[in-house]
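Here, each number is a calculation from the coordinates, and none is a lab measurement. For clarity, every value in this text was computed on a predicted model and none was experimentally measured. A quick note on method: Cβ atoms are made from the backbone with ideal geometry, for glycine too, and the neighbour counts reach across all protein chains shown.
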Amino acid sequence: MTFWQLVLHLFHFSLPALAMAILMPLAGRTVMGAGRISLHRRMGVHALSGLVVLVGGLLLHGQDGKMSTYIALVLVAATTEWLLQRGWAAK
């Protein structure tokens, strides 16, 4: 595997978490209002938590792309956005 292939593989592995990191704070702001935490900080928290879920799914299943990992990603992203909107991370 070349270096470029490794970079592309890691990018495609993390892409679902990064997409959720962009979409969930925007959806949360639309549904629940702006909140006390900045949009960029919420995106960073979502990216980090999503990557942790994807790596956990990879370690648990031994391969990436399992549907249970993506279900866990959506549940963690929704719970994280709810907690951030309530301001629990700002205390």
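Given A27, A77, which one is outside any loop (DSSP other than H, G, I, E, B), surrounded by fewer than 15 Cβ atoms within 10 Å (Cβ to Cβ) and in contact (Cβ under 8 Å) with a residue 40 or more places away in the chain?
A27
A34: outside any helix (DSSP H, G or I), free of Cβ contacts under 8 Å to residues at least 40 places away in the same chain and farther than 13 Å from T79 by Cα, yes or no? So that I can check it myself, show each step before the final result.
Working: outside any helix (DSSP H, G or I): yes; free of Cβ contacts under 8 Å to residues at least 40 places away in the same chain: yes; farther than 13 Å from T79 by Cα: yes.
In short, yes.
Please indicate, with yes or no, whether at least one residue in region 61-83 is closer than 17 Å to H12 by Cα and of a type in the set (S, T, Y).
Yes, region 61-83 has at least one match.
Condition first: among the aliphatic types (A, V, I, L, M), surrounded by 14 or more Cβ atoms within 10 Å (Cβ to Cβ) and more than 23 Å from R36 (Cβ to Cβ). Now tell me which residues in region 47-74 satisfy that.
Residues satisfying the conditions are L51, V53, L54, V55, L58, A72, L73, V74.
Please specify each residue of region 22-60 satisfying the condition of being closer than 21 Å to F11 by Cβ and of a type in the set (S, T, N, Q).
S49
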